[in-house]
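Structure below; questions to follow.
Bear in mind that the values in this text are calculations on the coordinates, not laboratory data. Not measured: the values here are computed from a predicted model. No Cβ is skipped: glycine too gets one built from the backbone with ideal geometry, and neighbour counts run over all protein chains shown.
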Ligand code: SF4
C-alpha cells in the first residue's frame, strides 16, 4: 500500500506537521493562549464541577502566561518556541483552555480580533464544546473562515452516554453531531477530541469511539488523547476507589495503531498523545516520555507494515466493535 500524506518515509499517518507544511509551504507554530473564558460545565450554565478529568486551568496547563493580555501571551509563547525553531515566522493562534465560545459573540469578536492581525498570524484554532455554538457564533466563525485558516476543535471525549455521565460532560453525543453538521454547512474545519483510557471504557469501546466519530460526523481532523490523571481533579476519587486503571504503554501503542488503521487517510491527526506538567501528573508516568511513545507508535506501524486508513471504517469495515 502506498501512503500519500507523508514526506518522511517513517511516518505512516497524516500528521498535523505534514498538513501545515503542505498548506503553507513552511513550518508553522501553533501558539496556545488563554482567552480568559469560563466553561458552562463549571459555572452552572450546563452543570457545576466540570469534567472530572479537568484541571484547575481548564486543560491549559502548559500555557506560559495565562493571565497576561492576549498579544503579550502570544509574544511570550513565540519567544519560547523560537529557542528551538529560530526561523519560523508564521503562526496559528490556539485558544486552548476552557470553552472559547462561551460568551456573547461581541466578546468573542473583541478577544479574537486582538490576535488575528498580529504579525505572522495565518490562522486560528478555537477549542470549545459542542453545546456552545449558537447561530450568531457560527456566523462569526464562518466570517473568520473566509479571512484566515480556521479550525474549530470540539471536545467530545467519548461517544458513550454512560461514560459521558460518569465524567460529567453535561452534553450528549447528538449535540456533538448537530454541532459538526452546523459548522460543516460553512465549510469550517472540525477537529474532534477523544480521550483513550476513561474510567470504565474497555479497548473495544475506545475503538468504537473512533468508529462512530468517523462514520457519523464529517470531520477533517482528530486528536487522540491519553487520559492524564492530574492532581486536584475529581477523577482522583475514581482512581483511589478502583474505577480507573491506567493503560500500559504497550496497550496504548497497540490501541493507537488499531485506531489509526480505522481513520481515513485524508483526516489529519492533530495529536496522538498529550502534554502534562510533571509536578501535577499522577499517572501514567510513562506518558511523560512523549517522544518515546510517538517513536513506539511509528515502530509498531512499521512492524505491522500498516498505515492510517488500512482498515478505513468509512469503507465499511468493521461494522461495530461494541454496541
Ligand atoms: S468542557 Fe473543557 S474546560 Fe469545561 S470542564 Fe470539561 S474539559 Fe474542562
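For the stretch 199-249, what is the Kirkwood estimate of the hydrodynamic radius, computed as the reciprocal of the mean inverse distance between distinct Cα atoms, to one decimal in Å?
Kirkwood radius, the stretch 199-249: 13.0 Å.
May I pose another question? Calculate the length of the line joining the C-alpha centroid of the stretch 92-170 to that of the stretch 241-260, in whole Å.
Comparing the Cα centres of the stretch 92-170 and the stretch 241-260, I get a distance of 29 Å.
Shifting gears a bit: In a Gaussian network model over the chain where Cα atoms closer than 10 Å are linked, find which of 242, 283, 197 has the largest mean-square fluctuation.
In this elastic network of the chain, the residue with the biggest mean-square fluctuation among 242, 283, 197 is 242.
Express in nm, to one decimal, how much length is gained between residue 89 and residue 72 on full extension, taking 0.36 nm for each residue of separation and deducting their alpha carbon distance.
4.4 nm
Count the DSSP beta bridges whose two residues both fall in the stretch 16-315, then state the antiparallel fraction as a percent rounded to the nearest 5.
In the stretch 16-315, approximately 10 percent of DSSP beta bridges are antiparallel ones.
Relative to the present Cα-Cα distance, how much length would full extension add between residue 234 and residue 304 at 0.36 nm per residue of separation?
Length gained between residue 234 and residue 304: 21.4 nm.
Here is a follow-up. Can you tell me the relative contact order of the chain? Whole percent, Cα pairs under 8 Å, sequence separation 6 or more.
Relative contact order comes out at 18 percent.
Which one, 104, 32, 40, has the greatest fluctuation when you compute a Gaussian network model over the chain with C-alpha springs under 10 angstrom?
With Cα springs under 10 Å in the chain, the top fluctuation among 104, 32, 40 is at 104.
Taking the Cα atoms of the stretch 273-323, what is the range of coordinates along each of the three principal axes, in descending order and whole Å?
44, 30, 13
Additional query: Pop the C-beta distance of residue 81 and residue 116 into the FRET formula with R0 = 22 Å and round what comes out to the nearest 0.05.
0.75
Extension gain residue 48-residue 322, at 0.36 nm per residue separation less the Cα-Cα distance, in nm?
Answer, rounded to one decimal: 95.6 nm.
Right, here's the next one. Using the Cα atoms as the points, what is the convex hull volume per residue of the stretch 223-323 in Å³?
With only Cα atoms used, the stretch 223-323 gives 120 Å³ per residue.
I need the shape label for the stretch 105-189. Rule: rounded when a/c is under 1.5, else prolate if a/b > b/c, else oblate, with a, b, c from the alpha carbon gyration tensor.
Prolate, since a/c reaches 1.5 and a/b exceeds b/c.
Compare 184, 240, 21 in a GNM of the chain, Cα atoms joined below 10 Å, and give the one with the largest fluctuation.
240
I'd like to know how the chain sits against the 2.2 N^0.38 Å rule of thumb: what's its Cα Rg over that expected value?
Relative to the rule-of-thumb radius for its length, the chain sits at 0.95.
Just the Kirkwood number for the stretch 47-123, please: inverse of mean 1/r across all distinct Cα pairs, in Å, one decimal.
14.1
Counting each DSSP H run of 4 or more residues in the chain as -39500 (n - 2.57), what helix-only mean residue ellipticity at 222 nm follows after dividing by all residues, to the nearest 500 deg cm²/dmol?
-11000 deg cm²/dmol
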